[in-house]
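Here's the structure we're looking at; comments come further down.
The values are calculated or read from the model by the stated rules, or taken from the named source; none is laboratory data. Worth saying up front: this structure is predicted, and the values here are computed from it rather than measured. Positions of Cβ are backbone-derived with ideal geometry, glycine not excepted, and every protein chain shown enters the neighbour counts. Surface areas here come from the heavy atoms of the whole protein model, side chains and all, with no ligands, DNA or RNA. Shrake-Rupley method; radii C 1.70, N 1.55, O 1.52, S 1.80 Å.
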Amino acid sequence: MASTTLTVPLLKVSQFHSPLFKQPRSKSHSFFFVNAFNDRNPNFRKASSHLKAKFPMSSKEPLLTGRRLGFDVEYSAGEEAGSLVPDATQQEAFSWSSVIFPFLFPALGGLLFGYDIGATSGATISLQSAELSGTTWFNLSAVQLGLVVSGSLYGALLGSLLVYPIADFLGRNRELIIASALYMLGGLITAYAPELNVLLAGRLLYGLGIGLAMHGAPLYIAETCPSQIRGTLISLKELFIVLGILLGYFVGSFQINAVGGWRYMYGLGVPIAFLMGLGMLSLPPSPRWLLLRAVQGKASLQEYKEKAIFALSKLRGRPAGDKESEKQIEDTLVSLKSAYSEEESEGSVLEVFQGPSLKAFIIGGGLVLFQQITGQPSVLYYAGPILQSAGFSAATDATRVSVIIGLFKLVMTWIAVLKVDDLGRRPLLIGGVGGIALSLFLLSAYYKVLGGFPFVAVVALLLYVGSYQISFGPISWLMVSEIFPLRTRGKGISLAVLTNFGSNAIVTFAFSPLKELLGAENLFVLFGAIALLSLLFTIFFVPETKGLSLEEIESKFLK
């Protein structure tokens with residue numbers, strides 16, 4: 001399938017002057033962004049030469065560092081250059097084989113989230129059939145069916161609330177192990193449910209697993225992977241969600257005619273969750289989390305520093321306690337101590353709404369909010385009728401329509417995975433959100449005046465799905481995982497997850513009454529206007545984080 005190349009210009013961080021990111025000049029030093037990050041720029045060469053003279057670089061790169069940046073550095077009278085930890089760092093050398101498992105097992109949490117979405121579409125049909133449900137309580141009311149469908153959503157909301165105060169205590173690894181256990185327990189209870197109330201309890205437990213997994217997975221991946229591929233891997237997690245949806249659709253299509261087929265649909269997630277749990281047990285804790293707990297005074301600094309060195313060595317496939325990992329941990333520890341030297345070791349529960357953390361929440365929370373309120377669930381509701389009106393025979397079968405849309409989502413998400421660390425976050429977001437707005441206005445025009453041209457509706461539908469999958473789909477979660485300061489990252493991401501699932505629930509519940517009140521044509525105009533607002537938000541508030549380490553993102557945009 002041919003893809004359209006985005007022509008949106010790549011916006012450098014240095015070109016971004018939103019008041020949200022202005023920071024006061026330090027008395028001891030100040031940093032000025034260079035206009036372009038390439039050796040052909042004379043300012044870059046000058047800044048690089050200045051830094052090399054002041055800070056001779058080690059051949060061993062700091063922990064999970066980003067690509068080289070150029071800065072002019074000024075010093076106050078009597079200050080020695082050696083008192084500063086340089087931000088200009090080199091990319092970390094790594095092998096792809098060493099990052100597969102630290103990505104794969106957390107990403108299975110996303111796959112199980114997607115699988116629940118796909119499996120539920122077929123399970124609800126099987127569950128309500130007098131011949132196929134295999135139960136005596138198949139005649140569900142609208143409210144009961146709604147609870148079955150949205151039970152996991154309520155569980156995810158609850159999980160996001162529960163993890164907020166305890167995220168840093170649990171740690172990323174243990175959180176994902178607990179999530180896998182909840183996935184298994186919820187899947188087993190749902191599959192073997194003898195009555196509706198037991199089934200709903202299983203759906204709620206599975207949803208708790210979703211809430212913890214969608215919080216812990218991006219955290220663990222972001223904190224353990226090399227920064228130059230962080231965008232690729234976290235976007236790839238979104239691809240796993242789409243794969244999970246497709247897997248759920250396929251299992252549903254194979255089991256739809258089996259008696260009690262809904263039990264198999266929900267039960268198949270159990271062995272995947274078991275594999276996820278075993279995998280997470282084999283992985284070490286996040287080195288950054290270990291150092292954070294040490295800096296917070298929650299553990300012995302020397303003990304947790306040694307654990308962090310061992311964890312990083314294991315994550316990179318090096319000998320235990322190797323010198324390179326030790327050097328990287330030392331540099332990261334210096335950065336953490338410098339960042340929190342004038343602050344309390346551990347922030348309050350409300351710190352995420354203050355200072356740098358509030359800036360991060362405006363960005364991350366804003367993105368996941370717009371991700372939902374631009375109408376993504378509502379647009380896909382019209383996929384079947386739109387394809388049907390265009391004469392696609394597959395549109396007569398809802399399952400096949402879902403598979404067609406799912407495959408297209410998969411292709412477009414893969415494009416985002418390939419390009420996010422090349423083009424950057426902002427170009428994909430700006431181009432994708434612009435495409436979302438255009439597609440929504442085209443859909444409105446189709447229902448208003450272009451009803452005789454169904455091809456317009458098909459193009460608009462595919463444009464919406466494709467634009468969403470290269471922008472809001474993967475990039476929102478990527479930005480959420482990297483924009484929060486380390487001291488509030490656990491709480492911040494839990495709030496972002498809560499915002500995402502909460503706004504999803506609101507859009508889902510408001511869709512039917514809004515459709516009756518406004519009609520499809522005006523509903524798409526409303527969503528299009530919201531998409532334009534989200535485009536302005538992206539342009540003026542969302543920074544470019546491509547290639548930067550998490551510590552560099554924190555120091556440059558949030559301080």
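Here are the numbers:
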read-out: Unique match (being touching a Gly at 6+ places or on another chain (Cβ under 8 Å) and not in a helix (DSSP H, G or I)) among Leu132, Leu158; value: Leu132
read-out: Exclusive hit being modelled with pLDDT under 95 and among the β-branched types (Val, Ile, Thr), set Ile166, Ile177, Ile189; value: Ile166
read-out: In region 296-332, the residues that are among the aliphatic types (A, V, I, L, M) and farther than 16 Å from Glu223 by Cα; value: Ala299, Leu301, Ala320
read-out: Tyr446 hydroxyl-bearing (Ser, Thr, Tyr) and either out of contact with any helix residue (DSSP H, G or I) (no Cβ under 8 Å at 6 or more places or on another chain) or open to solvent by 20 Å² or more (accessible area, probe 1.4 Å) (or both); value: yes
read-out: Filter pass, Leu108 being farther than 20 Å from Gly502 by Cα, in a helix (DSSP H, G or I), open to solvent by 10 Å² or more (accessible area, probe 1.4 Å) and aliphatic (A, V, I, L, M); value: yes
read-out: Phe71 over 27 Å from Leu380 (Cα atoms), in contact with a Lys or Arg (Cβ under 7 Å, 6 or more places away or on another chain) and either at pLDDT below 80 or surrounded by fewer than 21 Cβ atoms within 10 Å (Cβ to Cβ) (or both); value: no
read-out: Check on Gly502, open to solvent by 10 Å² or more (accessible area, probe 1.4 Å), small (Gly, Ala, Ser) and in contact with a Leu (Cβ under 8 Å, 6 or more places away or on another chain); value: yes
read-out: Residue in region 428-451 that is more than 25 Å from Glu554 (Cα to Cα) and touching a Lys or Arg at 6+ places or on another chain (Cβ under 6 Å) present; value: no
read-out: Index of the failed condition, Val295 passing every other in (1) touching a Lys or Arg at 6+ places or on another chain (Cβ under 6 Å); (2) buried (at least 19 other Cβ atoms within 10 Å of the Cβ); value: (1)
read-out: One residue from Leu219, Leu212, Leu176, Leu233 being assigned to a helix (DSSP H, G or I), touching a Cys at 6+ places or on another chain (Cβ under 7 Å) and open to solvent by less than 30 Å² (accessible area, probe 1.4 Å); value: Leu233
read-out: Long-range neighbours under 8 Å by Cβ, at least six apart or interchain, first residue under 26 Å from Val525 (Cβ atoms) and not assigned by the TED database to the domain that holds Glu551 within region 484-511, second open to solvent by 10 Å² or more (accessible area, probe 1.4 Å) and among the acidic types (Asp, Glu); value: none
read-out: Qualifying positions in region 534-559 - in a helix (DSSP H, G or I), over 17 Å from the mean Cα position of the chain (by Cα) and more than 10 Å from Glu482 (Cα to Cα); value: Ser534, Leu535, Leu536, Phe537, Ile539, Phe540, Phe541, Glu552, Ser555, Lys556, Phe557, Leu558
read-out: So Gly473, is it out of contact with any strand residue (DSSP E or B) (no Cβ under 6 Å at 6 or more places or on another chain) and surrounded by fewer than 22 Cβ atoms within 10 Å (Cβ to Cβ); value: no
read-out: Qualifying residue in region 145-165 (condition: without any contact (Cβ under 8 Å) to a residue 12 or more places away in the chain, surrounded by fewer than 23 Cβ atoms within 10 Å (Cβ to Cβ) and within 17 Å of Met265 (Cβ to Cβ)); value: no
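Conditions (1) modelled with pLDDT under 90; (2) part of a helix (DSSP H, G or I), marked per residue:
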site: Phe441; (1), (2): no, yes
site: Leu450; (1), (2): yes, no
site: Leu461; (1), (2): yes, yes
site: Glu482; (1), (2): yes, yes
site: Gly490; (1), (2): yes, yes
site: Val497; (1), (2): yes, yes
